[in-house]
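**Student:** Following this message is one structure expressed as structure tokens.
The values are calculated or read from the model by the stated rules, or taken from the named source; none is laboratory data. Everything quoted here is computed from the prediction, not taken from an experiment. Glycine also receives a Cβ, built like all others from the backbone with ideal geometry; neighbour counts cover every protein chain displayed.
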Amino acid sequence: MLSQIPELEKQFTAFAQDTVEGDVLSDRERALAALAVVFTLEDATSVKESIIEAKQAGVTNKEIGYISALVIALRGKKIARLGVVGATSTPLRVVQSKCCE
Amino acid sequence: MREKPQAVLVLGLREQEHEIEFVQALGYSILLFGTNIRIDDALSADVPVEIDLNDEDHVIATALTLTQRFDIRGVYTLNEYRTPLAARIAAALKLSHGLSHEAALNCRHKKRTRQVLAQHAVGSARFALINTHQEALAALRDFSFPVIIKPSNEAGSHLVACCTTQQEVLQAIDAIQASSTNWVGQSLDPEILLEEYLDGPEVSVEAYTAAGHTTVLAITAKQVTPWPFTTEVGHLVPANLPDTTTAAIHEVVVRALSALGINDTVTHTEVKLTSAGPRIIEVNARPGGDKIPLLVRAVTGYDLREVSLHLALGRAASDLPRYPIAASSAAIRFLVAEQNGTVEIGDPEEIAMLPGVQAVEISVQTGDQVEQTSSNYNRVGYVLVHGTPQQSASERLVQVLDRLAFHVESPDISIDDPVKTRS
């Protein structure tokens, strides 16, 4: 779809390439971060591709399992909080008198 | 300097053949190359590489890159389509053992098999290579019907036809030429084989060749559905043959493997027992499929898949892995639907309790609608049985199949039945 706007596509491609080839993270660290992202996407093909890249970068099965557990735990915590009275992701508004608005 | 880990490059997994487990058991790292790798296999491998296996130059370059991190000791495949690539990689890695590329091609391309066997006067089928209808019609003058038409570099009996008329020959050629690629996407050889039909019972010979010496481990009797479908219905190890026939089979197979340049590999050679003696149908430079390795393992103690790995690693034949012998005979029977219709079948769990039954896998149950089985790819299940000296695997299979009572009822459409005839 992005190809319908060639200028944006060009910018995106450059951005993605710079990010993927950047040296802020090592190959291994980048593979771990990518794994966490694809687990949240819940797309089997992306997960498989990411596992293959991670293993090529030396990530172990135990580390892959841990990333998966971490994603489950973080998402689980969020779901668990849904049932707690007063829990919210937006800041609570302080009820003040009209005179001070 | 730290030593590089020793690894085996595993190429193109075959379903349920456990290649990864065999390599893991020997303690090697696994470099798994495949066009489409499953998640569980990716997790099992040390380095999974998803790559187009038909782009052989790219595969070889990638394998060479991995030598910076690993000491690759062997290239292992059980996949018929990938035996030439495995041989090319082994050569590129300068491994001193393993099947040669020339020999792998001699087996993979059926026209080369026929040419080499003819040059060495090894019992095979008379053949002609054809590209067009005109060439086929000209070649037919030297043959009598029926004849076999088959592509040179396909497998699994795909696009193989037994023809009894000129019209059928031309249709079979059209069917092959309608495909530009084989099952795994490799270009189909434009030269098509037209062969004499070999009449007689079929067996396969499970052997290995190491240091130039061939050892036959087992001869497997086969049961095949009649033409037009050549679906394999059952296998029995050992085939019950007279000693003179066994000796003749050994002789022709050893000569064929020698002519084809086979070494450092397991072979699965299909043979027809004609009235003129055993004749080679084809030679596969890998273990047979269809659970034949399980039958051979039960009866001889040798697992052909492990023997194949052992030889790919350049290990000596005197040191082959071996298990205790589990049975005096072993057989598998596949369930085939002889027509379209509704399945009726007994309880598989009850069958699994019968004497000698080792495995039951059935993909249908009573009431299911099935299509007629047309190839090895749409059979509906199997039963694997071990025999004893007192009761052979064949005898036990008869009991099992009686109890299973599998059959397919044809759709009973009658004009007197208003429901069934309603459009």
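**Student:** Just the residues that are modelled with pLDDT of 95 or more and among the polar types (S, T, N, Q), please, taken from segment B:178-206.
**Tutor:** B:S204
**Student:** Another one. I need the full set of residues from segment B:367-389 which are of a type in the set (S, T, N, Q) and closer than 30 Å to B:H158 by Cα, in order please. I'd like the intermediate steps shown before the answer.
**Tutor:** The first filter runs over segment B:367-389 and keeps only residues of a type in the set (S, T, N, Q), leaving B:369, B:372-376, B:378, B:388.
Once the filter is applied, which keeps residues that are of a type in the set (S, T, N, Q) and closer than 30 Å to B:H158 by Cα, segment B:367-389 yields B:Q369, B:Q372, B:T373, B:S374, B:S375, B:N376, B:N378.
**Student:** To continue, here is another question. For segment B:49-91, enumerate the residues that are away from chain A (no Cβ under 14 Å) and basic (K, R).
**Tutor:** Of everything in segment B:49-91, those that are away from chain A (no Cβ under 14 Å) and basic (K, R) turn out to be B:R73, B:R82, B:R88.
**Student:** Out of everything in segment B:34-48 that is facing chain A (nearest Cβ under 7 Å) and part of a strand (DSSP E or B), what residue ends up being surrounded by the fewest Cβ atoms within 10 Å (Cβ to Cβ)?
**Tutor:** Step by step, filter segment B:34-48, then rank; the result is B:V47.
**Student:** Pull out all pairs, ordered by first then second residue, where Cβ-Cβ is under 6 Å, the residues are six or more apart or on different chains, the first lies in segment B:360-377 and is of a type in the set (D, E), and the second is at pLDDT 85 or above.
**Tutor:** Close Cβ pairs satisfying both conditions: B:E361/B:G381; B:E361/B:Y382; B:D368/B:V343; B:E371/B:N340.
**Student:** Using the structure shown, decide if B:E350 is out of contact with any Ser or Thr (no Cβ under 7 Å at 6 or more places or on another chain), assigned by TED's automatic domain parsing to the domain that holds B:S374 and part of a helix (DSSP H, G or I).
**Tutor:** On the way: out of contact with any Ser or Thr (no Cβ under 7 Å at 6 or more places or on another chain): yes; assigned by TED's automatic domain parsing to the domain that holds B:S374: yes; part of a helix (DSSP H, G or I): yes.
Yes; evaluated as a whole, the condition is true for this residue.
**Student:** Further, regarding this structure: Go through segment A:18-77 residue by residue and tally those that are farther than 25 Å from B:G34 by Cβ and either of a type in the set (G, A, S) or part of a helix (DSSP H, G or I) (or both). Break it down stepwise before answering.
**Tutor:** Initial filter on segment A:18-77 (farther than 25 Å from B:G34 by Cβ): A:18-19, A:21-26, A:29, A:33, A:36, A:40, A:66, A:69-77.
If we keep only those that are either of a type in the set (G, A, S) or part of a helix (DSSP H, G or I) (or both) as well, we get A:18-19, A:21-22, A:26, A:29, A:33, A:36, A:40, A:66, A:69-77.
The qualifying residues number 19.
**Student:** If you go through segment B:195-219, how many residues are touching a helix residue (DSSP H, G or I) at 6+ places or on another chain (Cβ under 8 Å) and either charged (D, E, K, R) or not assigned by TED's automatic domain parsing to the domain that holds B:D264 (or both)?
**Tutor:** Summing the residues that are touching a helix residue (DSSP H, G or I) at 6+ places or on another chain (Cβ under 8 Å) and either charged (D, E, K, R) or not assigned by TED's automatic domain parsing to the domain that holds B:D264 (or both) in segment B:195-219 gives 2.
**Student:** Could you list, in sequence order, all residues of segment A:38-65 that are of a type in the set (G, A, S) and in contact with a Lys or Arg (Cβ under 7 Å, 6 or more places away or on another chain)?
**Tutor:** From segment A:38-65, those of a type in the set (G, A, S) are A:44, A:46, A:50, A:54, A:57-58, A:65; that's our starting set.
Matches in segment A:38-65: A:A57, A:G58.
**Student:** Examine segment A:10-20 for a residue that is modelled with pLDDT of 95 or more and of a type in the set (F, W, Y), and state whether such a residue exists.
**Tutor:** no
**Student:** For the list (1) out of contact with any Ser or Thr (no Cβ under 6 Å at 6 or more places or on another chain); (2) within 14 Å of chain B (Cβ to nearest Cβ), I need the number of the one condition that A:I72 fails.
**Tutor:** Failed condition: (2).
**Student:** Condition check: on the phi < 0 side of the Ramachandran plot, outside the structural domain of B:V23 (by TED's automatic domain parsing) and not in a helix (DSSP H, G or I). Does B:Y377 satisfy that? So that I can check it myself, show each step before the final result.
**Tutor:** Working: on the phi < 0 side of the Ramachandran plot: yes; outside the structural domain of B:V23 (by TED's automatic domain parsing): yes; not in a helix (DSSP H, G or I): no.
It is false that B:Y377 is on the phi < 0 side of the Ramachandran plot, outside the structural domain of B:V23 (by TED's automatic domain parsing) and not in a helix (DSSP H, G or I).
**Student:** I've got another one for you. Scan segment B:176-190 for residues that are more than 15 Å from B:V160 (Cβ to Cβ) and more than 21 Å from the chain's Cα centre (by Cα) and jot them down.
**Tutor:** Residues of segment B:176-190 more than 15 Å from B:V160 (Cβ to Cβ): B:180-181, B:184-187, B:190.
Across segment B:176-190, the qualifying residues are B:S180, B:P190.
**Student:** Being at pLDDT 95 or above, part of a helix (DSSP H, G or I), of a type in the set (D, E) and not assigned by TED's automatic domain parsing to the domain that holds B:H310, is that true of even one residue in segment B:12-19?
**Tutor:** The answer is yes; a qualifying residue exists.
**Student:** Run down A:A54, A:A44 and say which single residue is within 13 Å of chain B (Cβ to nearest Cβ), surrounded by 13 or more Cβ atoms within 10 Å (Cβ to Cβ), under 23 Å from B:I51 (Cα atoms) and not β-branched (V, I, T). Break it down into steps so the answer makes sense when it comes.
**Tutor:** Working: A:A44 fails: surrounded by 13 or more Cβ atoms within 10 Å (Cβ to Cβ).
Going through A:A54, A:A44 in turn, the sole match is A:A54.
**Student:** Let me ask another. Given the conditions (1) crowded, with 21+ Cβ neighbours inside 10 Å; (2) at pLDDT 95 or above, which single one is not true for B:G98?
**Tutor:** (2)
**Student:** Among the residues of segment B:261-277, write down those that are of a type in the set (V, I, T) and either assigned to a strand (DSSP E or B) or more than 22 Å from B:Q119 (Cβ to Cβ) (or both). Walk me through it before giving the result.
**Tutor:** Initially, segment B:261-277 is screened for residues of a type in the set (V, I, T), giving B:262, B:265-267, B:269, B:271, B:274.
Within segment B:261-277, B:T265, B:V266, B:T267, B:T269, B:V271, B:T274 qualify.
**Student:** Separate question: Within segment B:109-118, does at least one residue satisfy the condition of being assigned to a helix (DSSP H, G or I), surrounded by 18 or more Cβ atoms within 10 Å (Cβ to Cβ) and among the hydroxyl-bearing types (S, T, Y)?
**Tutor:** yes
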